[in-house]
Amino acid sequence: MTDYKLLIGGALVEGTRSIDVINPATGEPFAHCPVADEHQLNEAVAGAAAAFPAWSAKTVAERAGLIGALADALEARADEFARLLTMEQGKPLDQATYEIIGSVFVLRAFAGMNLKPRVIRDNGQGKVIEVRSPLGVVAAITPWNFPVILLMNKLGPALLAGNTVVAKPAPTTPLTTLLLGTLCAKVLPAGVVNIICDNNDLGGALTAHPQVAKVAFTGSTATGKKVMAAAANTVKRVTLELGGNDAAIVLDDADPVETAGKVFQGAMINAGQVCVAIKRAYVPEAMYDIFCAELARLAVAAVVDDGLKQGAQIGPVQNRMQFEKLKELLEESRDKGTVIAGGAPMDRPGFFIAPTIVRDIDENARLVREEQFGPVLPVLKYADVEDVIARANDSEYGLAGTVWGKDMDRAIDVASRIHTGTVWVNQHMAIDPSLPFRGAKQSGLGGELGEEGLHEYTQATIINAAVAG
């Protein structure tokens, strides 16, 4: 087994103990992960704080150059990272490769941005300028569904802005982050990036740490509320990218078969374990039967297997806790709706759930109201556009959504009335590092990506100068 190490103050070090890392395709351990204690957490924060003055003193161009070098180092070992990602996370190898290459792209995108002062007013009587400075130590806490690219969404802007970072991956998918630490140790100055792992027992200490100036968190809404509470005592800056219950609204001019294929992919990618996955689909009554039948056909035809096997299209659910939650939802769904494909765990080792389509389901069923985070899609019918907009908005979540229809202007009009941070029209998960991504309602606070995402890692200062009289 590979000997994975924590990264603290520029040194690759052992943890105080280790935990098993489970391959979700087998349900068995395949590696060990070093786990930090609170003393090592404090050392990591101290290392980041010590590195901050020199790192923040570099020019933006100098920092961008080093971020670019990190991207190059990651790209050179993309195949190794992708294989390890599949083994610890479960997604098919082609999707893992896409995540790694996407991570390279995100780093390069941020390396190409700048933080020039913005002149707000210059009228001969004086000048008003907005300048931006780094915050200090950033805690970057990432989930298990996209452990690499979601870290890059934080690492890229944090480092370019001049901050230093303590990263903490999810305990079920720590290995790709630790492998990234070996690259950071070679490319970046000591202490600029630190990586610690835990067993879900250090998050509170990290988010409440007095030397941490900002917390960037991606994960569940329930945990995001705890992050906000922990950050309150020192009024830390927080960015929260939380859960979603994204609705797909299919308009009556959409092609039912073609659109069903796109909705199926939007619901089942990464076994449905995507914060912006399509989690409920609303379909006009007139095409409902055709649409559901095509979804069921696709579900039955999908190749569900170990992500390392050629041809695998859908992998396992990532961990046993999520697997058990989905089993409960499936059991309830049989009573609340009609299961027309899947509906049960697969009879094999690992955490495999058969791709599931549920039609004629009660709007108040948990599968419709909650974020299922698995390869299970409820399909609901509607007769009136005003009604379906209201139903789509009737959620505590507001991360993203999709609208599908041939009349793009009409689809855009419907999209403009959906209460989420992002709505895609005739496409799904079109995430671009140059475009801001943010949540509404209980799906998040602040934003990531784009210039706005970069600004989240800075303190803006207004300099208001008058000509001397």
Problem set entry | Selected residue [surrounded by fewer than 21 Cβ atoms within 10 Å (Cβ to Cβ) and under 23 Å from the mean Cα position of the chain (by Cα)] from Glu370, Glu363 | Glu370
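Out of the residues in region 128-144 meeting the condition of being among the aliphatic types (A, V, I, L, M), open to solvent by 30 Å² or more (accessible area, probe 1.4 Å) and over 20 Å from Gly224 (Cβ atoms), tell me which one is nearest to the chain's Cα centre (by Cα).
Applying the filter and picking the extreme gives Val131.
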Problem set entry | region 163-196, subset over 18 Å from the mean Cα position of the chain (by Cα) and part of a loop (DSSP other than H, G, I, E, B), residue surrounded by the fewest Cβ atoms within 10 Å (Cβ to Cβ) | Pro189
For this session: Would you mind finding the one in Phe105, Phe30, Phe81 that is open to solvent by 70 Å² or more (accessible area, probe 1.4 Å) and either free of Cβ contacts under 8 Å to residues at least 60 places away in the same chain or not basic (Lys, Arg) (or both)?
Result: Phe105
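Results for (1) over 23 Å from the mean Cα position of the chain (by Cα); (2) over 21 Å from Leu202 (Cβ atoms), shown as yes or no for each residue.
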site	(1), (2)
Thr2	yes, yes
Leu7	no, no
Ile67	no, yes
Ala78	no, yes
Ala82	no, yes
Gly90	no, yes
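For (1) out of contact with any His (no Cβ under 7 Å at 6 or more places or on another chain); (2) over 22 Å from Pro436 (Cβ atoms); (3) open to solvent by less than 20 Å² (accessible area, probe 1.4 Å), each residue gets a yes or a no:
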site	(1), (2), (3)
Gly203	yes, yes, no
Thr207	yes, yes, yes
Thr221	yes, no, yes
Asn233	yes, yes, no
Leu242	yes, no, yes
Phe264	yes, yes, yes
Ala271	yes, yes, yes
Ala281	yes, yes, yes
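Considering only region 430-457, how many residues are among the aromatic types (Phe, Trp, Tyr) and in a loop (DSSP other than H, G, I, E, B)?
Adding up the residues that qualify gives 1.
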Seminar exercise, completed: Looking across region 85-102 at residues that are of a type in the set (A, V, I, L, M) and under 13 Å from Ile149 (Cα atoms), the single one that is surrounded by the fewest Cβ atoms within 10 Å (Cβ to Cβ) is Ile101
Problem set entry | Elements of type helices (runs of 4 or more DSSP H) in region 323-429, at least 3 residues being over 26 Å from Gly90 (Cα atoms) and either at pLDDT below 95 or among the β-branched types (Val, Ile, Thr) (or both) | 385-393
For this session: Working carefully through the options Gly342, Gly337, Gly350, Gly315, find the one that is of a type in the set (Gly, Ala, Ser) and open to solvent by 40 Å² or more (accessible area, probe 1.4 Å).
Result: Gly342
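The values are calculated or read from the model by the stated rules, or taken from the named source; none is laboratory data. Since we're looking at a predicted model, the values are computed, not measured. Using ideal geometry, Cβ is built from the backbone for each residue, glycine included, and neighbour counts are taken over all protein chains shown. Side chains are part of the model used for accessible areas, which takes the heavy atoms of the whole protein and leaves out ligands, DNA and RNA. Shrake-Rupley method; radii C 1.70, N 1.55, O 1.52, S 1.80 Å.
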